[in-house]
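This report concerns only the one structure given below.
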Amino acid sequence: MSKAESLVPWVLVGLAVIYLIAMMAPPIESAAPMRLDEFAALPLEDEGRVKPYDTLARNSLMIISSRQTFVDEDGHTQPAIRWLLDVMTSGPLFQAANQQQGPKFALAGEKHQVFRIDNPEVVALLGLKRREGSRYALAEFRDRLDKLEQEAKRIAKKDPKGLTPYEKGVHDLASHLQLYIKLANWMETLYIFPPSTPDEEWQTFQETNAEAGLKAALSGVPTMVMAYARNDAKTFNAELEAFRKQVGELRPADVRRSGTEAFFNHFAPFYQCTLLYIFVFLLGCLSWLGWTRPLNRAAFWLAVVTLVVHTLALIARMYLMNRWFVFVTNLYSSAVFIGWGCVALCLLLEKLFHNGLGNVLAAFCGAVTMLVAHHLGSDGDTLALLQPVLDTNFWLATHVTCVTMGYTATFVAGFLGVAYILGGVITPWLSKATAKTLTQMLYGVLCFATLMSFTGTVLGGIWADQSWGRFWGWDPKENGALLIVIWNALVLHARWGGMIKPRGMAVLAVVGNMVTGWSWFGTNQLGVGLHAYGFNDTLATGLVVFWVTQLAVIGMGLLPLRFWASHETLLLDKPTNLEDKPLVPAVDKRHRKRSTKRGEASYSPGPA
């Protein structure tokens, strides 16, 4: 490589690091503002855990609007914390408590178009007209809430899994309104005052008012909300400073953890990883078209930088949940961890084989799993408390981690199989030597997947014996985990017994994707068994789409080799090296003639 080519990877990595540092910087506020970012980092207790106001605002707005920002009446994009404060100033309890303080505050929270209503029948029920974005303000349909309430009561008596799209739309909107009402009535629903001793609990405004009197209660958060409603930045900032100091003396660990979580929310590391993984994928694909070595190196090192950010984000989640060595606590975190494992495993394969495929698969798996996690996180708090039966760090760190690593390795093997099939059917680049390399990669990953799946399943049985008094109960989730072990063992034994060759191994590995998808998400949709959690309509649809794509790939893999674009290059035995040339060199006709004389052209694909 020339000197200029050798600098390309480091220039791209440097630009990525500069971008990440820029994303960490706090947002720029206008002159003399209220310090809303510091207010957002204050702790409160909600749904059983201490979290910052920023998390409460973002999660609530995400549930109601499917976004973490909103557009105000002037068309400006605003952060979720402003929406939360506007809602808090719109509540009837706050309005009543401050009638003697001056004019009644404007109900700003009701004017923001944040309620997402997609179903046209629900829109008609509320007397609204469909608009782009499908978002409406509460003030636009407040006078039709009685009709919505009647429909919601009727639908509440039905099985949630049998609802029509209209009924589901009514049900969802009613639940979103309940969340809005909870935030508007924050004086009696939100635990905003910290305990003075470790044995005490967080208190609401009304509880503090009853114990200490109105004067003592009207300090801290209530005073800040009042100042915000009057646009009094001086009072807001002064009370913020005093209250933060007070809470810091009483609950220093909670203040530190809430500040970290607010920064985590702002930086959005998994979102940044998604963008970088997409860029790595593009670099990896471009490296196959030309300028192979510098682009391939750039893709590898950029993927390493992204993996470091991914790793630090996982560690940050452990700190926020105070669960060290626990990577997976819910479906959201399982997607994040599977993505991390896929990237790490694929980069290891790239380091061993240097064929560029590891970079591309690492980026593809990382980006797809981050997108899956994004959809899984749209239903609420991704750091929520665990169900009591799952609340054990030891088994979460052992059984769950092993099983999830089994998922990870099986997916990597499956996508190696996809690469084998698509590379052979669609492109002329799959040579005999390249196929051999892919098979070696696939074999090693399948062995690792079998080991981790088996170990995790056995550990799960021991946990079940301790928790439920039986080692095995044929629960759907247990069956799914066992099915992965059996399928991986089947593929390996079929290969050892000579029943399949590289192409058949690739096809069976793709079937493993379907098996793992069922164990990961499909069993949760059944609603039966002790592991019946995480039901989600979007997941069910996504799983079906995933299966269809995998079936299509399997179908292509089963086509006779004469229909493959690489059927001629599969006859060659010339090694390939992405450091110097494309994945597979062009077909050499003279070589084929010589091979014919030696009898090599009589190559037959044999069984799959």
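The values are calculated or read from the model by the stated rules, or taken from the named source; none is laboratory data. Just so it is clear, the structure is predicted and the values come from calculations on it, not from any experiment. In this analysis, Cβ positions are derived from the backbone assuming ideal geometry, glycine residues included, and neighbour counts consider all displayed protein chains.
Within segment 6-28, being β-branched (Val, Ile, Thr), under 30 Å from residue 301 (Cα atoms) and either at pLDDT below 90 or touching a Gly at 6+ places or on another chain (Cβ under 7 Å) (or both) holds for one residue alone: 8.
With the structure loaded, tell me whether residue 415 is surrounded by fewer than 21 Cβ atoms within 10 Å (Cβ to Cβ), modelled with pLDDT of 90 or more and assigned to a helix (DSSP H, G or I) or whether it fails that test. No, not satisfied. Taking the criterion of being touching a residue at least 60 places away in the same chain (Cβ under 8 Å), under 18 Å from residue 368 (Cα atoms) and small (Gly, Ala, Ser), the only residue of segment 486-518 that qualifies is 512. Residues that are in contact with a Ser or Thr (Cβ under 9 Å, 6 or more places away or on another chain), surrounded by fewer than 22 Cβ atoms within 10 Å (Cβ to Cβ) and among the small types (Gly, Ala, Ser) within segment 294-331 comprise just one, 316.
Where helices (runs of 4 or more DSSP H) fall wholly inside segment 168-281, the ranges with 1 or more residues that are surrounded by fewer than 17 Cβ atoms within 10 Å (Cβ to Cβ) are 186-189, 205-212, 214-217, 233-250, 252-267. Going by what's in this entry, would residue 432 be described as over 27 Å from residue 368 (Cβ atoms) and either outside the structural domain of residue 560 (by TED's automatic domain parsing) or in contact with a helix residue (DSSP H, G or I) (Cβ under 7 Å, 6 or more places away or on another chain) (or both)? When the stated conditions are applied, residue 432 passes them. Of all residues in segment 551-565, those satisfying the criterion of being under 13 Å from residue 423 (Cα atoms) and part of a loop (DSSP other than H, G, I, E, B) are 564, 565. In this structure, residue 182 does satisfy being closer than 29 Å to residue 121 by Cβ and in contact with a helix residue (DSSP H, G or I) (Cβ under 6 Å, 6 or more places away or on another chain).
Scanning segment 438-492 for residues that are of a type in the set (Phe, Trp, Tyr) and modelled with pLDDT under 95 yields 463, 468, 471, 472, 474. Taking residue 503 as the residue in question, decide whether it is among the charged types (D, E, K, R) and either crowded, with 21+ Cβ neighbours inside 10 Å or not in a helix (DSSP H, G or I) (or both). Considered against the rule, which asks whether it is among the charged types (D, E, K, R) and either crowded, with 21+ Cβ neighbours inside 10 Å or not in a helix (DSSP H, G or I) (or both), residue 503 comes out as yes. Taking the residues in segment 145-165 that are touching a helix residue (DSSP H, G or I) at 6+ places or on another chain (Cβ under 7 Å) and within 29 Å of residue 73 (Cα to Cα) as candidates, determine which candidate is surrounded by the fewest Cβ atoms within 10 Å (Cβ to Cβ). Among those that are touching a helix residue (DSSP H, G or I) at 6+ places or on another chain (Cβ under 7 Å) and within 29 Å of residue 73 (Cα to Cα), it is 147. I'd like the full set of residues that are in contact with a helix residue (DSSP H, G or I) (Cβ under 6 Å, 6 or more places away or on another chain) and in a helix (DSSP H, G or I), limited to segment 315-331. The answer is 316, 320, 331. Out of all the residues in segment 440-460, is one or more surrounded by fewer than 21 Cβ atoms within 10 Å (Cβ to Cβ) and touching a His at 6+ places or on another chain (Cβ under 8 Å)? Checked against the condition, which is being surrounded by fewer than 21 Cβ atoms within 10 Å (Cβ to Cβ) and touching a His at 6+ places or on another chain (Cβ under 8 Å), segment 440-460 yields at least one hit. The listed residues are 435, 397, and the only one of them that is surrounded by 19 or more Cβ atoms within 10 Å (Cβ to Cβ) and either modelled with pLDDT under 95 or of a type in the set (S, T, N, Q) (or both) turns out to be 435. Looking at the structure I just gave you, is residue 31 modelled with pLDDT under 95 and not polar (S, T, N, Q)? For residue 31, the condition - modelled with pLDDT under 95 and not polar (S, T, N, Q) - is met.
Scanning segment 229-281 for residues that are farther than 20 Å from residue 382 by Cα, within 28 Å of the chain's Cα centre (by Cα) and at pLDDT below 95 yields one hit, 253. Each residue in segment 23-66 was checked for being surrounded by fewer than 18 Cβ atoms within 10 Å (Cβ to Cβ) and either on the phi > 0 side of the Ramachandran plot or free of Cβ contacts under 8 Å to residues at least 60 places away in the same chain (or both), and 9 of them qualify. The number of residues in segment 467-485 being exposed (fewer than 13 other Cβ atoms within 10 Å of the Cβ) and in contact (Cβ under 8 Å) with a residue 12 or more places away in the chain comes to 1. Sort out which residues of segment 378-394 are assigned to a helix (DSSP H, G or I) and crowded, with 20+ Cβ neighbours inside 10 Å, and write them in order of number. Matches in segment 378-394: none. In this structure, is residue 397 out of contact with any helix residue (DSSP H, G or I) (no Cβ under 9 Å at 6 or more places or on another chain), in contact (Cβ under 8 Å) with a residue 40 or more places away in the chain, over 20 Å from residue 343 (Cβ atoms) and part of a loop (DSSP other than H, G, I, E, B)? The answer is no for residue 397. The set of residues in segment 390-432 being of a type in the set (Val, Ile, Thr), more than 30 Å from residue 567 (Cα to Cα) and within 19 Å of the chain's Cα centre (by Cα) consists of 400, 401, 403, 404, 408. Close Cβ contacts (under 6 Å, 6 or more residues apart or on different chains) running from residues in segment 159-171 that are in contact (Cβ under 8 Å) with a residue 12 or more places away in the chain to residues that are surrounded by fewer than 16 Cβ atoms within 10 Å (Cβ to Cβ) comprise 166/121.
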